[in-house]
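Notes follow once the structure below has been shown.
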């Protein structure tokens with residue numbers, strides 16, 4: 001299953017710790033998250049926040065890029081864009097990268 005990184009950033013003024021509108025949007029997102037992940041066949045592998053930098057990173061597995069895009073268009077996800085910027089990146093696990101490197105060097 002493909003691995004994706006979701007990287008979200010927001011300004012201090014929009015931080016859910018201090019901004020009630022952002023906090024309500026985040027709560028709506030969190031309450032629907034398990035249902036929306038299941039709907040699109042997506043699994044959260046890991047998630048971290050760097051509060052001092054207003055940065056959040058999630059590692060997700062999804063059946064396809066199209067599934068990630070459909071999940072991202074759900075209203076609760078789309079509303080998160082009202083107060084933060086979000087990037088999706090296709091990523092490789094360490095093991096996948098190691099295998100690719102071995103394949104390259106076996107051909108030389």
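The values are calculated or read from the model by the stated rules, or taken from the named source; none is laboratory data. Not measured: the values here are computed from a predicted model. Every residue, glycine among them, receives a Cβ derived from its backbone with ideal geometry; neighbour counts consider all protein chains shown.
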| said: Residue under question is residue 90, and the condition is that it be at pLDDT below 95 and not in a helix (DSSP H, G or I); does it hold? | reply: yes
| task | Output the residue which, of all residues in segment 17-29 that are in contact with a helix residue (DSSP H, G or I) (Cβ under 9 Å, 6 or more places away or on another chain) and without any contact (Cβ under 8 Å) to a residue 40 or more places away in the chain, is nearest to residue 70 (Cα to Cα). | result | 17
| task | Please state which of the following conditions residue 65 fails to meet, knowing it meets all the rest: (1) modelled with pLDDT under 95; (2) within 19 Å of residue 33 (Cβ to Cβ). | result | (2)
| message | part of a helix (DSSP H, G or I), without any contact (Cβ under 8 Å) to a residue 60 or more places away in the chain and surrounded by fewer than 17 Cβ atoms within 10 Å (Cβ to Cβ): which single residue out of 38, 67, 47 fits that description? | response | 38
| said: Which of the numbered conditions does residue 1 fail, given that it passes all the others? Conditions: (1) at pLDDT below 95; (2) in a helix (DSSP H, G or I); (3) surrounded by 13 or more Cβ atoms within 10 Å (Cβ to Cβ). | reply: (2)
| remark: Sole miss for residue 95 among (1) part of a loop (DSSP other than H, G, I, E, B); (2) surrounded by fewer than 16 Cβ atoms within 10 Å (Cβ to Cβ) is condition (1)
